[in-house]
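Here the structure is laid out as structure tokens; the discussion comes afterwards.
Quick note: the coordinates plus some simple rules give every number you see, no bench work behind them. Treat the numbers as computed from the prediction; the structure is a model and nothing was measured. Here the Cβ is made from the backbone with ideal geometry for all residues, glycine too, and neighbour counts use every protein chain on show.
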Amino acid sequence: MLARLTELLSEAGARRAGVGAFTCYNLETAAGVLRAAEARRTGVVLLVSAKSFSSPGGPLLLSALVAAAERSTVPACVQLDHVRELGLIERAFELGAGAVMADGSKLSLSENADFVRSAAQGGEVEAELGGIEGDEDVATAVAAGALTDPDEAARFVERSGAACLAVSIGNVHGVYREPPTLDWPRFEAIRAVVAVPLTLHGASGLSDEDLRRAVRLGVAKINVNTELRERYVDVTAERIEAIRDGSRVLDLNLAQADAVAEVVAAKLDICDSKA
């Protein structure tokens, strides 16, 4: 069933749990995500990267994910992720996206707030403050960027009207160049002054211990992308010769969905407060 992002965050927050958000590049990925979520009877976010959405077939992919979410037995929100163009945001909302991540992190504080406020005219918006380095579509090794300032975060949320805020505390997209050291005191300082839910991007390279700690400290949503893509590519490479005889594409698709479901299941278990 389709759900709003704030509904998922509120429900998980009441259980002192986090929401898992997973980037989907096709229906095989989405099938794996939803299968794992349904097995655990928990809500989930299906993310669409800005590059996917702006590529040929991108609007069709988003519409297909909306249809898949509608048929899911658990609440599911389709969110356009890390978009910097208002036109793409408007189109995503028109096609049924439940939320967008309006990424104005490269802008000044005031410009970022204005951008997010404009984006929120069409629906629920996640914002980012600080610099989460890396490319969510390319698994390159990167180092952490500028960290989120707690005082700026409080002013920014009040001015922008963001529904939730992605923070930079040493996390990155892609592969970590060095073993990550997350700034937990900074996160707690942000949590103390910001009223909206906080989200953590770049969860693929973080240890299970760090992710559990993040949820315990109040991270409301954890984004996973690189780890899903790596497993998807690995299982494709493993199975391609076996299915070549007869060109058994369906067998390959089922194996891809199964592999994604395994990764998602492990992350959802961590997001759950009972894990």
Handout entry: Under 28 Å from residue 267, Cα to Cα: lysines that are on another chain or at least 8 residues apart
Key = 51, 221
Practice task
Starting from the Cα-Cα distance between residue 209 and residue 54, subtract it from 0.36 nm times their residue separation and give me the gain in nm to one decimal.
Solution key: 52.3 nm
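Given Cα pairs under 8 Å that are at least 6 residues apart, what percent is the relative contact order of the chain?
21 percent
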Completion exercise
Distance in nm between residue 233 and residue 16 label points, each 7 Å along Cα→Cβ, equals 3.9 nm
Problem - Estimated dipole of the chain in Debye, rounded to 20 [Cβ of Lys and Arg +1, of Asp and Glu -1, Cα centre] - result: 600 debye
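If you take the square roots of the eigenvalues of the alpha-carbon gyration tensor of the chain and sort them as a ≥ b ≥ c, do you get rounded (a/c under 1.5), prolate (a/b over b/c) or oblate?
prolate
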Exercise for the section: Apply the Karplus parameterisation 6.51 cos²θ - 1.76 cosθ + 1.60, with θ equal to phi minus 60°, to every residue of the range 187-199 and state each ³J(HN,Hα) to the nearest whole Hz, in sequence, with x for glycine and proline. Expected result: 4, 5, 5, 5, 4, 6, 10, 10, 7, 8, x, 10, 10
Exercise for the section: Please arrange 164, 271 by counting, for each residue, the other beta carbons lying within 10 Å of its beta carbon, fewest first. Expected result: 164, 271
